[in-house]
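To keep things clear, I will list the structure first and then write my remarks on it.
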Amino acid sequence: MPCPTPPHNFSAGPGALPDPVLLATQQALREIPETGLPILGISHRSPWFRNVLDEAEQLLRSLLGLHPSFHVLFLQGGSTLQFSQIPISFLRGHTSPADYLHTGYWSGKSIPEARREGPVRVAWSGEPHAFRSLPNPSELSPSPNAPYFHYVSNETVEGVQFHHTPGRDDIPRFCDMSSDLLSAPVDTSRFSLIYAHAQKNLGPSGVTLVLIRDELLQTTPPNLPSMLDYRRHAEARSIYNTPPVFAIYVTLLVLRWLHHDIGGLAAMNAINQTKARTLYHTLDSSSGFYLPRAHPDHRSVMNVVFDLHDPNLSPTLLLQAQHAGFHGLEGHRSLPSSIRASLYNAVPQSSVDALCDFLRDFARRHG
Ligand SMILES: *Cc1c(COP(=O)(O)O)cnc(C)c1O
């Protein structure tokens, strides 16, 4: 059944993309303006595609204020492959454990993969609190001997997000920023490796961004399978084999939008903060009809996860929401009765305002 109004897309991933990007993508499927060829039929070895990668890299460097010692790699395999590629590269053969924070579903996926490769110490776990909160700096005692410290900046499933940078500055800090990279400024100088697949906040699925310091790159072991060797990818400047041309091109369109239309990460953050504040305020003023999951200090700006005081009402809410044009609100399959509204960069304030009206109305009718 067609929707009378444009759909409001709160999908957790692949997430919403900006309208101008979708329009330009539609055009690119027929013909890229600069080449006259469709995006799905252009060689990755063409000078045009080299320029796409170079422009995407330059925009990322400028948006993030990236130190020149970082390599910018466009890889495949999703963030899940990074859960393995990281310990294969930096933990194998080590006797002191790497420090991992267990703050939710995704960090929980990264830890067993690391354990296959070497010793791991879970420096903090949110499991006793059902992953509703994150460690405050004083609760953490990161090891001074760890080969690296790994955490997830925004737990997409539970909706908890770090609003500070955990860990020690003298231990290489690695971060999975899959669901919040480019949503706000970040001090990349404090990191050695940052990774994020595109499909939450940066573009379509198929490409994974890895930002890695040159001095770290130089410590990868020799004789790794080439596709798992960051050094090979850096030497080949992300064209070691056929990269996901389409996904990288659409990511470039998103980067242009962020830079030229939005005006950079500080402006993006201001927009995102307002969206999140609007929605949390609606939930907080519902007299307990809606129950936000995360501790107020650790609420995610990107993924707002909440329960209904009566969880049996969740299917009704989701059905009515769908009819009213709100999509992607179902909670992750690990939290089946929760509702999750993902407020990625491309979700406009008007969609959040409309959702808040819907939620207030729903509570009036069922409260
Ligand atoms: C979605 C998600 C992943 C998994 O990414 P894939 O690209 O599906 O492998 C990993 N980490 C975080 C924080 C995520 O949100």
Q: Please give the peptides 65-73, 159-167, 263-271 ranked by average Cβ packing (other Cβ atoms within 10 Å per residue), highest first, as a rough proxy for protection.
A: 159-167, 65-73, 263-271
Q | Relative contact order of the chain, pairs being alpha-carbon contacts under 8 Å that are 6 or more residues apart, as % | A | 23 percent
Q: For the range 281-367, count the residues as N, evaluate 2.2 N^0.38 Å, and divide the Cα radius of gyration by that value, please.
A: 1.00
**Q.** Within the chain, helix-based [θ] at 222 nm, where runs of 4 or more DSSP H residues each add -39,500 (n - 2.57), nearest 500
**A.** -10500 deg cm²/dmol
Q | Rh (Kirkwood; distinct C-alpha pairs) - the range 176-322, Å | A | 18.4 Å
**Q.** Whole-number D in µm² s⁻¹ for the range 150-226, Kirkwood Cα-pair radius fed into Stokes-Einstein, 37 °C, 0.692 mPa s
**A.** 240 µm²/s
Q) Any idea what % of Cα-Cα pairs in the range 1-128 are farther than 23 Å? A) 60 percent
Q. What fraction, in whole percent, of alpha-carbon pairs in the chain exceed 25 Å separation?
A. 55 percent
Q.
Which residues does the label zone of Ser141 cover in the range 155-181, counting backbone N under 19 Å from a point 7 Å along Cα→Cβ?
A. 166-171
Q) So for the range 56-101, what percent of the C-alpha to C-alpha distances run longer than 12 Å? A) 73 percent
(Q) Compute, for the range 262-367, the length of the dipole vector about the Cα centre, with Cβ point charges of +1 (Lys, Arg) and -1 (Asp, Glu) only. Units Debye, rounded to 20. (A) 80 debye
Q. In Å², what does the accessible area per residue of the range 209-276 work out to with a 1.4 Å probe?
A. 41 Å²
Q) In nanometres, what is the gap between the two model label sites at Ser226 and Gln322, each 7 Å from Cα along Cα-to-Cβ? A) 4.7 nm
(Q) Please give me, ordered by residue number, the trypsin sites (Lys or Arg not before Pro) of the range 266-367 that lie in loop per DSSP and have at most 16 other Cβ atoms within 10 Å. (A) Arg333
Q: May I ask you to give the percent of accessible area on the chain that is carbon plus sulfur, with a probe radius of 1.4 Å?
A: 54 percent
Q: Arrange the peptides 76-87, 280-291 so that the one whose residues have, on average, the most other Cβ atoms within 10 Å appears first.
A: 76-87, 280-291
Q: Calculate, for the range 84-199, the solvent-accessible area per residue in square angstrom, rolling a 1.4 angstrom probe over the heavy atoms of the protein chains.
A: 35 Å²
Q | D_trans [Stokes-Einstein, Kirkwood Rh over alpha-carbon pairs] for the range 120-184, 20 °C, 1.002 mPa s, µm² s⁻¹ | A | 169 µm²/s
Q) Where in the range 142-158 does the label zone of Ser337 land, with the point 7 angstrom along Cα→C-beta and an amide N cut-off under 18 Å? A) 158
Q) Ignoring ligands, DNA and RNA, what accessible area per residue does the range 1-70 give at 1.4 Å, in Å²? A) 57 Å²
Q: Give the residue from Leu64, Ile42, Leu75 lying farthest towards the positive end of the charge dipole for the range 15-81; charges sit on Cβ (+1 for Lys and Arg, -1 for Asp and Glu) and the dipole is referred to the Cα centre.
A: Leu75
Q: Tally the DSSP beta bridges in the chain and give the antiparallel ones as a percent, rounded to 5.
A: 60 percent
Q: Give, in nm to one decimal, the length gained when the segment between Arg121 and Ser46 is fully stretched (0.36 nm per residue of separation minus the Cα-Cα distance).
A: 22.4 nm
Q | Relative contact order %, the range 295-343, counting alpha carbon pairs below 8 Å whose residues are six or more apart | A | 47 percent
**Q.** Along each principal axis, Cα extent of the range 72-146, largest first, Å
**A.** 33, 27, 24
**Q.** Longest site-free stretch - the chain; sites: GluC sites (Glu not before Pro), DSSP loop, at most 12 other Cβ within 10 Å
**A.** 35-367
Q.
Test of understanding: extend the Cα→C-beta vector of Ile239 to 7 Å, then name every residue of the range 69-86 with backbone N under 16 Å from that spot.
A. 73-75
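The values are calculated or read from the model by the stated rules, or taken from the named source; none is laboratory data. None of the values given here were measured: they were computed from a predicted structure. For neighbour counting, all protein chains shown are included, and Cβ atoms are generated from backbone atoms with ideal geometry for every residue, glycine included. Protein only, heavy atoms only, side chains kept; ligands, DNA and RNA dropped before computing areas. Shrake-Rupley method; radii C 1.70, N 1.55, O 1.52, S 1.80 Å.
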